[in-house]
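Please treat every number below as a calculation from the coordinates, not as lab data. If you're wondering where the values come from, they're calculated on a predicted model, not measured in any experiment. Note that we place each Cβ from the backbone using ideal geometry, even for glycine, and neighbour counts take in every protein chain shown.
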Amino acid sequence: PGRGRRWLLLSQLFQAHSLQAGGEARAGEPSCRSQRLMLQAGLLQPASPGCYCYLPPTVRAMEKLVGVMDREMQAVGGQKLNLPSLSSAELWRASGRWDQMGPELFRLSDRHGRGYCLGPTHEELVTDLVAAQSNLSYKQLPLRLYQVTRKFRDEPRPRFGLLRSREFYMKDMYTFDVSEEAARQTYDLVCDAYCSLFNRLGLPFVKVRAATGTIGGTMSHEFQLLADIGEDRLVLCPHRHFAANVETLNGEQTSCPTCGEKLTETRGIEVGHTFYLGTKYSSISNAVFYSPENKPQLAEMGCYGLGVTRILAASIEVLSTEDSIRWPSLIAPYQLCFIPPKRGSKEEEEGVMLLEQVYDDLAEALPHLAGDSVLDDRTQLTIGRRLKDANKLGYPYVVVAGKRVCEDPPVFEVWNQNTDEVLFLTKEGVIELMSQVQVS
């Protein structure tokens, strides 16, 4: 029916309504707003401690987020690859991290007794890959290689849903430059791309000085979303001259080293981390390039991580209300929810027909929104009940065929969930409003 209608029927969506997903964390597990809302909405299903099944709406949001990341990474010359999750113990022993990482590293052996780990990060593997290119020329640098893959960390206490899990998705980039100066330029470039990403998502982030930890290197920054539930303690200058994770401070530093103002302490959720590595890994694997004089030189490296699933959860944590999800609008699983009249109401027949016309005309005028729409076809429920559900699930826009749909011309009730506005618009008004919507 209709002109290639592609909207999804809510009754067919593999989500809470069909799964009866539990709305609470496991007994004894500390919970937070994002975890509670994602479980209640049927966006996640716990599989084992720290591991989750991501349901279709969550995967849609994640793929949209990865699309935004891809564009930012490609804008700085990133080339996407994919490295194996299984990493040789030999490589990790060579870097010293096999022992340094301790019990957080998932370790296993194959049937021949060879040791492996499930990669929490891929410095060793990517450096070995570049080292294997025996005739790498300075003309081929900088190399900016990135991937989006599952990562693994044997957290002693997985908690807060996707904010601290054992299996998660990460975007990690590894860069190779001809000199320290060039590597630092790359560092600034990628940090700027991260700032651009968070600004595009509309997330209130802060970039702070950070410790290098087990990854190493000589310079490091974290990108933090400010939230009471955050596990990192941060100190910030009120004039933004200085920001740091407290673990980097020597003693009790209470004033800004630039302006002398008193530093304020707050908490944050780490959603990105950047490192200038120098030759720490390239010297171990002998990752060299040939200079203009045809002499081998060690590549200067950096690495850059963004927590894909953590950004999803953290954005819900900082943007949502206590009982309703609010997504960064660019990555909402669906942009638009249509609510037809209640079954048996006097508006039913005309309302359904007019709503279909709105959808068909919208799909023709704005084809990119056609597959980003859901029809709440549970017409046995009142409009009010379905509106409440739509508000909980966080569709940025909800178009309702209510009592005014029988007026001449027909008028639709349009809820803008991000601004909490209710508009009364004709079909043309709905299409005009939706033409301003940006999708990933």
Legend entry - Three principal axis lengths of the chain [C-alpha, angstrom, descending]: 81, 50, 49
Legend entry - Of every Cα-Cα pair in the stretch 65-105, the percent that sits beyond 16 Å: 57 percent
Legend entry - Gain on full stretching of the segment that runs from Cys259 to Thr212 - 0.36 nm per residue minus C-alpha separation: 14.3 nm
Legend entry - GNM top mover of Pro341, Pro367, Pro292 - the chain, alpha-carbon springs below 10 Å: Pro292
Inset, instruction - Go ahead and set up a Gaussian network model of the chain, Cα springs under 10 Å, then flag whichever of Arg114, Arg71, Arg378 fluctuates most. - result: Arg114
Legend entry - Theoretical gain in end-to-end length, Asp228 to Leu189 [0.36 nm per residue, Cα-Cα removed]: 11.0 nm
Legend entry - the stretch 309-359 - charge dipole about Cα centre, Lys and Arg +1 at Cβ, Asp and Glu -1, debye rounded to 20: 200 debye
Legend entry - Most positive-pole-ward Cα, His273, Cys195, Leu143, against dipole of the stretch 133-281 from beta carbon charges: Leu143
Legend entry - Highest-fluctuation residue, Gly371, Gly344, Gly161 considered, GNM on the chain with Cα pairs under 10 Å: Gly344
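Calculate the dipole size of the stretch 368-440 relative to its Cα centre from +1 charges on Lys and Arg beta carbons and -1 charges on Asp and Glu beta carbons; express the result in debye to the nearest 20.
The calculation lands at about 340 debye.
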Legend entry - Candidate lysines for bridging to Lys346, where Cα separation is under 29 Å - those fewer than 8 sequence places away on the same chain excluded: Lys388, Lys392, Lys403, Lys427
Legend entry - Cubic angstrom per residue, convex hull over Cα atoms of the stretch 305-392: 102 Å³
Inset, instruction - Return the calculated 222 nm mean residue ellipticity for the chain, to the nearest 500 deg cm²/dmol, obtained by summing -39500 (n - 2.57) across DSSP H runs with n ≥ 4 and dividing by the residue count. - result: -8500 deg cm²/dmol
Legend entry - Within straight-line cross-link reach of Lys171, lysines at Cα separation under 17 Å, skipping those fewer than 8 residues along the same chain: Lys64, Lys80, Lys151
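In debye, nearest 20: dipole of the chain around its Cα centre with unit charges on the Cβ of K, R (+) and D, E (-)?
860 debye
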Legend entry - Thr382-Val246 FRET efficiency (beta carbon distance; Förster radius 35 Å; 0.05 resolution): 0.10
Legend entry - Positive-end residue, the chain charge dipole about Cα centroid, Cβ charges, pick of Leu65, Gly217, Leu83: Leu83
